[in-house]
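Step one of this worksheet: look at the structure below.
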Amino acid sequence: QVQLVESGGGLVQAGGSLRLSCAASGRTFSYYAVGWFRQAPGKEREFVSGISRSGGQTYYADSVKGRFTISRDNAKNAVYLQMDSLKPEDTAVYYCAARYAVVPVTVWVQYGYWGQGTQVTVSS
């Protein structure tokens, strides 16, 4: 069982940065691949980024590639999403999710554990 809690969201101007954190409970967090997803009002939940359970493999949606960086610290049971050069279209609720697997996937229904979400708002 894994419980996830996101933090770090907020209001930022376009071009600014935010760092999201996902804190996990449970001593076996290193067995889980993690994904970040986001959902804007009236839109489908979409994959943003993912990281393998070791942290050695990372994945990004084309829309954030080169601007966002995912990382994890298994000793601290945490995953981070550094978001730079933010755009108004990045505005959404951001969720971290975990799946008991080596690597993440882009399909949100394949994750069994979810955080409550954190709001990111980018003003123009």
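The values are calculated or read from the model by the stated rules, or taken from the named source; none is laboratory data. Owing to the predicted nature of the structure, the values given are computational and were not obtained by experimental measurement. In this analysis, Cβ positions are derived from the backbone assuming ideal geometry, glycine residues included, and neighbour counts consider all displayed protein chains. Surface areas here come from the heavy atoms of the whole protein model, side chains and all, with no ligands, DNA or RNA. Shrake-Rupley method; radii C 1.70, N 1.55, O 1.52, S 1.80 Å.
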Query - Sparsely packed GluC sites (Glu not before Pro) within the stretch 32-124, loop by DSSP, other Cβ within 10 Å at most 12 - result: GLU44
Report task. Calculate how large, on average over all directions, the projected area of the Cα convex hull of the chain is; give the answer in nm² to one decimal. Result -> 6.7 nm²
Query raised in the report: In the chain, what percent of the accessible surface is made up of carbon and sulfur (1.4 Å probe, ligands and nucleic acids excluded)?
Result: 48 percent
Report task. Would you mind estimating how fast the stretch 68-113 diffuses translationally, via Stokes-Einstein at 25 °C and 0.890 mPa s with the Kirkwood radius over Cα pairs, in µm²/s? Result -> 195 µm²/s
Report summary line: Among VAL107, VAL12, VAL93, the residue with the largest mean-square fluctuation in a Gaussian network model of the chain built from Cα contacts under 10 Å is VAL107
Query raised in the report: So which aspartates and glutamates pass the test for LYS87, namely a Cα distance under 19 Å, with those fewer than 8 places away in the same chain ruled out?
Result: GLU44, GLU46, ASP62
